[in-house]
1. TYR219 accessible area, nearest 10 Å², 1.4 Å probe?
2. To the nearest 10 Å², what's LEU336's accessible area with a 1.4 Å probe?
3. Taking loop as defined by DSSP and a crowding limit of 15 other beta carbons within 10 Å, which GluC sites (Glu not before Pro) in the stretch 158-240 fit?
4. Tally Lys and Arg at +1 and Asp and Glu at -1 over the other residues with C-beta under 10 Å from the C-beta of LEU158: what net charge comes out?
5. If only Cα atoms are counted, what is the Rg of the stretch 18-71, and what is its Dmax, in Å?
6. What full-extension length gain, to one decimal in nm, is calculated for GLU63 and GLU187 as 0.36 nm per residue of separation minus the Cα-Cα distance?
7. Whenever you get a sec, line up GLU433, GLU110, GLU440 from highest to lowest accessible area (probe 1.4 Å, protein heavy atoms).
8. Which links in LYS135/LYS211; LYS5/LYS211; LYS211/LYS450; LYS10/LYS47; LYS408/LYS446; LYS11/LYS466 stretch past 25 Å when you go from one Cα to the other?
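The values are calculated or read from the model by the stated rules, or taken from the named source; none is laboratory data. The structure presented is a predicted model; accordingly, all values stated were derived computationally and were not measured. Please note: Cβ atoms are built from the backbone with ideal geometry, for glycine as well, and neighbour counts cover all protein chains shown. Heavy atoms of the whole protein, side chains included, go into the accessibility calculation; ligands, DNA and RNA do not. Shrake-Rupley method; radii C 1.70, N 1.55, O 1.52, S 1.80 Å.
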Amino acid sequence: MQETKTVKIKKCPYCFRQIANDDVGFLLRADGARFLSPALNEVVSPKTDLAYLYFWNAMGIPEEQVDANRTYIDNQIMTELNQELTASGHDLAVKHFDVDSYGYSFHVEEGAVTLYSNTMICPFCHNELPQNFFKYDMLMIGLAGSVASGKTVYLSSLMMNSFDVMQRENLTVRNACGNPNDEYRMEMERNAERLLRYGICPESTNKTFRKPIFLEVTYRVSEQVIHMLTAIYDVAGELIRESAGVGRTGFVRHMDGYICLVDPAQMHLEHSFITQKIPDEARVLEKLHLMTREEQISIQRMSNDHGKQVMNQDDFLREQTVSDEFIYERKADAILDALRTGVGDHELGQKYMALTIAKSDLLEELGEIRGFAGSSLLFERNRPVYGFMDMDHHFLRQEVLKQIFDQKVFRLQRNLDDYKESSLFAVSALGCETENVRLEEGEVAKAVGKVRPIRVEEPILWMIMKYMQERGWLE
């Protein structure tokens, strides 16, 4: 019986080129297996994957840091292999179509040895495609924020205990990475485990494109079961600012939506309400010489404009020379400006925006925040057992956050009006303070007390919900 095949075309989540399911290659793992056929032995011998190497080098990773010594097969190699297998009388290598997932698997047999793989790779960049890639729609989310806004910790908090914070009675989330042995996936899972067990925070990302985190989301409503994929991209703050719209940040325009993290250090908070001990004047003056004259003038101007000192002690007590980008990074809307430049005003109208105050636990005891009616809703940790989120409380929080943003961050209207849909959030990946401790690997940030995240999943679940609603899946 002839195999019935369906051609599916999707956008690669790495290089963003259109790819067909029958064009995919495969990542192989021979585990030392040897064959009688010299052609098969050649295929299973690791070699430099130039397509993979050049992709990651173009995304900012030096060649010597890219592990491109891999075993893979693409359509061209498979054609050449089968020509040699035919000539030598061996069984041919085949690609089997999976009618359920619309994907393919590869296998070749010789005697009692079978080489099999269902880890599909893009035919252009040779990156591994997620599970069920050709079966389900994919929502792409860019997690953006200024330097040290907590993006990597945010992702680790989400991943703790197998995405436990995102699970509901009618909502299931699981890792959909196509390669269980992927080093980046294992690194992120180790980070999540260290954060959960020991409260140790991962290091922040550098100026490079990172592999996305792939999720498979299953949502049950009435008699309907909805499946979709979600890819979350960790966007290095300094990269998106320095190269907005060009080179390595071109991928940003392919996102369906953005979660933009605002650090409390970027808010216009009154210095007298900072609970940490304020350094004495001599200590401030001792460190102030590290700043440029322009930065000192900028600090003085902000103090005069707001009638209070808006920089906290961490801004004064910088142990290294302050760079030119320091004052720029104080602007909470810097990333929004970079996104607008990179994506364009017209394209913004096709994107979601979840504007999110990160590390919100730092605001809980501030009198100027508690002065907003309903502010206690911002620090709720309860999560519903059913549905995406408590929508009643979500709408109430919107009203509180609108006031806080307008008075303490920036005017919302000019920053959010051009997006398709937007919403405001206040979350905390840790829900507690941190302290620097020295371990064998060096100095790390460690949670003080138990890690108790504050609704860290809500920006992503809100965007998933909007994505489903737009497609009529929740009617």
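1. Near enough 20 Å² of accessible area.
2. Answer for LEU336: close to 10 Å² accessible.
3. Working: sites: GLU169, GLU183, GLU187, GLU189, GLU193, GLU203, GLU216, GLU223, GLU238; in loops: GLU169, GLU203, GLU223.
When the GluC sites (Glu not before Pro) of the stretch 158-240 are filtered for loop state and at most 15 Cβ neighbours within 10 Å, GLU169, GLU203, GLU223 remain.
4. Numbers: positive: none; negative: ASP164, GLU457.
After counting each charged neighbour, the total is -2.
5. When restricted to Cα atoms, the stretch 18-71 yields Rg and Dmax of 13.8, 41 Å.
6. Working: separation 124, 0.36 × 124 = 44.64 nm, distance 1.99 nm.
Taking GLU63 through GLU187 to full extension adds about 42.7 nm, to one decimal.
7. Working: GLU433 110, GLU110 25, GLU440 190 Å².
Ranking GLU433, GLU110, GLU440 by accessible area, largest first, yields GLU440, GLU433, GLU110.
8. Values: LYS135/LYS211 21 Å; LYS5/LYS211 30 Å; LYS211/LYS450 29 Å; LYS10/LYS47 28 Å; LYS408/LYS446 28 Å; LYS11/LYS466 21 Å.
Table pairs above 25 Å Cα-Cα are LYS5/LYS211; LYS211/LYS450; LYS10/LYS47; LYS408/LYS446.
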